[in-house]
Amino acid sequence: MKNSNRLIALLVPVISIVLAFAIGCIIVAALGASPLVALQSLWTGAFGNLRNLGTTLSRATPLIFTGLCACFAYRCGVFNLGGEGQFLMGSIAACVVATQSGITGTPGMLLCIVAGTLAGGLWALIPGVLKVCRGQNEMIISIMLNYVATLFMGVIYTNWLRDGSVPQTAAVPDETQLSRLFGLRVTWAFVIAVVVGLLVYYFLFNTSKGFQLRAVGLNMTAARFNGFAVTRYILVSFVVSGAIAGLGGSAELLGTQLRLINGYGDGYGFDGVAMALIAQLHPLATILVAIFFGALRVGSTTMQASTGVPTSVSDIIQALVIVFTVAGLAMVRLPQFRAFLDRLLRRKEAV
């Protein structure tokens, strides 16, 4: 029965992707284009050559960070919906250090990354403290803090650190930027994201502290009666998840964005939550899901150029994958579905 549950949990995202693409193909056909050509163009645009692959991995990098942010917090049973704000605060801290400290090269780069990580962790600590000390709803507070971070960033690039007449900050010095991999658009930020994913996976599933954190997430009351420091784990989960997002923000700024500007970071936080849910809160699966969504976003441009199909079709496919996956996971947890599955397994064993 346990193996069957794992198989079903694995099949739900796969089936969701197939259904989403099937509906996407119907939409493409209704628009007068060939679904086969559209899919081929989508694949070519995302993975057709090394340049496209580098662009796909670059687009997936911030999604990996915010997805791991949500994944870590959710494993402890808390809902950190402030990944976008924590991501932005990490970018802000890195930008201030890079442009104002005068420290360049590797020391400046490391200082920016550390500052961004700390800023993200401290920003996430706010909803954690309010939840633990005042019993406040962490979802509402973390969402509101996203807007605070966005508006704070706006003050910085339009006023405090504005670069001349243009509403943006000065670019990160060349010596402080993360270098590109093999001359492609993807930078060392992607490598950092993968390493963070591996570390999160190792901590959650191969350490005693990770087991206790997951136990708190499964049942806080039972964990408290078994002597687990529930309050401490809640605070740690907020800080670590925020630090992951802040690290992502600093790495994205140093590697790809290079300056703060209007629209930077829009949607990264909620996209990360979607990545984590589709991956069923598994860190390694979150990385793969983020790359998949990055491929959809990059390949949609080539699809539009080849077939005339608007890139919004790719957005529809992404939305359908999220809807089908969440609905499917909710369905398989229903007692009626579990009873139906149990009857099927008994009949199979009887035969």
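The values are calculated or read from the model by the stated rules, or taken from the named source; none is laboratory data. Predicted, not measured: the structure shown is a model, and the values here were computed from it. Positions of Cβ are backbone-derived with ideal geometry, glycine not excepted, and every protein chain shown enters the neighbour counts. Calculation scope for accessible area: heavy atoms of the full protein, side chains included, ligands and nucleic acids excluded. Shrake-Rupley method; radii C 1.70, N 1.55, O 1.52, S 1.80 Å.
A compact table of results
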read-out: Selection within the range 70-103 - open to solvent by 10 Å² or more (accessible area, probe 1.4 Å) and farther than 20 Å from residue 141 by Cβ; value: 93, 96, 97, 99, 100, 101, 102, 103
read-out: Scope the range 104-147; condition buried (at least 19 other Cβ atoms within 10 Å of the Cβ) and among the charged types (D, E, K, R); matching residues; value: 131, 138
read-out: Residues (among the hydroxyl-bearing types (Ser, Thr, Tyr) and either closer than 15 Å to residue 253 by Cα or modelled with pLDDT of 95 or more (or both)) located in the range 159-181; value: 169, 176, 179
read-out: Members of the range 99-139 that are within 17 Å of residue 73 (Cβ to Cβ) and either acidic (Asp, Glu) or in a loop (DSSP other than H, G, I, E, B) (or both); value: 136, 137, 138
read-out: Pair list, Cβ < 6 Å and 6+ apart or interchain, from the range 119-147 residues that are among the hydroxyl-bearing types (Ser, Thr, Tyr) to residues that are open to solvent by less than 30 Å² (accessible area, probe 1.4 Å); value: 142/80; 142/81; 142/82; 142/127
read-out: Residues of the range 316-351 that turn out to be assigned to a helix (DSSP H, G or I) and open to solvent by 90 Å² or more (accessible area, probe 1.4 Å), as a count; value: 10
read-out: Test: residue in the range 292-303 that is in contact with a Phe, Trp or Tyr (Cβ under 8 Å, 6 or more places away or on another chain) and open to solvent by 50 Å² or more (accessible area, probe 1.4 Å); value: no
read-out: Residues located in the range 181-193, provided they are surrounded by 15 or more Cβ atoms within 10 Å (Cβ to Cβ) and in contact (Cβ under 8 Å) with a residue 12 or more places away in the chain; value: 181, 184, 185, 186, 187, 188, 189, 190, 192, 193
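Condition check ((1) touching a helix residue (DSSP H, G or I) at 6+ places or on another chain (Cβ under 6 Å); (2) farther than 30 Å from residue 57 by Cα; (3) open to solvent by less than 50 Å² (accessible area, probe 1.4 Å); (4) touching a residue at least 40 places away in the same chain (Cβ under 8 Å)) across all residues:
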site	(1), (2), (3), (4)
213	yes, yes, yes, yes
221	no, yes, no, no
230	yes, yes, yes, no
245	yes, no, yes, yes
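Residue by residue, here is whether (1) at pLDDT 90 or above; (2) aromatic (Phe, Trp, Tyr); (3) over 18 Å from residue 14 (Cα atoms) holds:
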residue	(1), (2), (3)
286	yes, no, no
290	yes, no, no
303	yes, no, yes
306	no, no, yes
311	no, no, yes
319	yes, no, no
328	no, no, no
